[in-house]
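The values are calculated or read from the model by the stated rules, or taken from the named source; none is laboratory data. Given the structure is predicted, the values throughout are model-derived calculations rather than measurements. Don't worry about glycine lacking a Cβ; one is built from the backbone with ideal geometry, like all the others, and counts go over all protein chains shown.
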Amino acid sequence: MAAKPGVRRKTSVPASRVGRLLGLGLAATELVLGGLVEGLRSPGRTRKARDAFLSLRNAQRLAERLAHLRGAAMKLGQLLSLEGDDLLPPEFAQALGILRAGANPMPADQLRRVLAREYGRGWEKQFARFDDEPIAAASIGQVHRAQAADGRELAIKVQYPGIARSVDSDVDNVAALLRLANLLPIGLDVSGLAAEAKRQLRQEADYALEAQFLARYRALVADEPGLVVPRVHADLSTRRVLAMDYVEGHPLEALGDDAVPRAHRDRVGRLLEHLLFRELFEFRLMQTDPNFANYLYDPAGRRIMLLDFGSAREFSPEFVESYRQTCRAILAGDHAGVRRGALAIGYIAQADTAERARAVVDMIMLVCEPLRHRGRYDFAASDLPTRARDLGFDLLFRQGLLRAPPPQTLFLHRKLVGSFQLCARIGARVDVNALIKPFLG
């Protein structure tokens, strides 16, 4: 979620639907023109239209436009960079990866207009200090350090104007943009995924709901001394402003430094993976945005601070039980059991051919390699992301054997992929197999 102050320039957030549509229209125009230019630069050899669109410069242009828009448009760009390994060349996904580093903050005058609208006239009297310079800027809002009039040290998350009402149009327009740029396989039905993205992003734009999730999650992990969840301050929170405890720590990825002892990194990785399994199998409530900046690390207390719960997702008992049974089959090497679980979850349809069903089972067995591995799995040394990308690209584009995943798994996949990346970034080795077994019964 965070971006260091000064790294990005401040730009006003386009708040009107017309302004946001214009921004995406410019992105579409740049993609088309950029693709044409890239094609012309390749005389004497055949260059597919898709390859021309997927140039590094085109990806950078798209990332810049989405970062300027913020909101659901930028959030979908983040998702594409995280989930896009099956769809995009590495350089394109890498260019979009800058969207996970943070957004352009809004200027002070726009910030103060938002605060006046939410708190009312004279809102400054509620604070002894309110820093105009944000300590973090993300796709939905930015965070400011403040001190309440009674001395409480706070982090105030302020939503960008117009974001909540633009979710549906942003999702539809980005989906159209991906189709225009030929980024999605022909025939891939993304309507269910788009509906799920809208549902989740509407939720992320409701800070009152996030406050409820924050309080619930704080109670759920109260028995884990290695985790810290900030308190909500309801008297200074609204649907568009969220006031929380201010907490300090180092960026989690700093643990990847070679100077950090291996045992230290392994312990943090184990804690993160254990939390993932508790979220799915025990809490049935998951924070599904594992962006690096949504975590801080307190080296003195050896604690991880969890900062953002806008993307919390609840799962039904039936859904969780299907995942539990599937994981049991994965660990047992029971391909027939994995197929039954995939059918229950929705990865496979009853009418699917045997060939398609085998392709789905093969993909599941591959991406669940850390679960099947005996002993500590070295995330940083693993080439699993590359192998999964290659197999997914082959099955999806060349053979047409994969379809869009079930909508209810969209943000769960984001958490699973992101958790792998977290452990890889800090260089953790974790016995994932031993961690998950107690949750499977």
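Among the residues making up segment 328-348, a single one is in a loop (DSSP other than H, G, I, E, B) and free of Cβ contacts under 8 Å to residues at least 12 places away in the same chain: 334. Residue 262 meets the conditions (1) in contact (Cβ under 8 Å) with a residue 40 or more places away in the chain; (2) surrounded by 17 or more Cβ atoms within 10 Å (Cβ to Cβ) in every case but one. The failed one is (2). Does segment 293-305 contain any residue that is small (Gly, Ala, Ser), outside the structural domain of residue 139 (by TED's automatic domain parsing), free of Cβ contacts under 8 Å to residues at least 40 places away in the same chain and out of contact with any Pro (no Cβ under 9 Å at 6 or more places or on another chain)? Yes, that holds for at least one residue.
Please go through segment 210-259 and pick out each residue that is part of a helix (DSSP H, G or I) and without any contact (Cβ under 8 Å) to a residue 60 or more places away in the chain. Scanning segment 210-259 gives 211, 212, 215, 218, 219, 234, 235, 254. Residue selection: residue 420 fails the criterion of being assigned to a helix (DSSP H, G or I) and touching a residue at least 60 places away in the same chain (Cβ under 8 Å).
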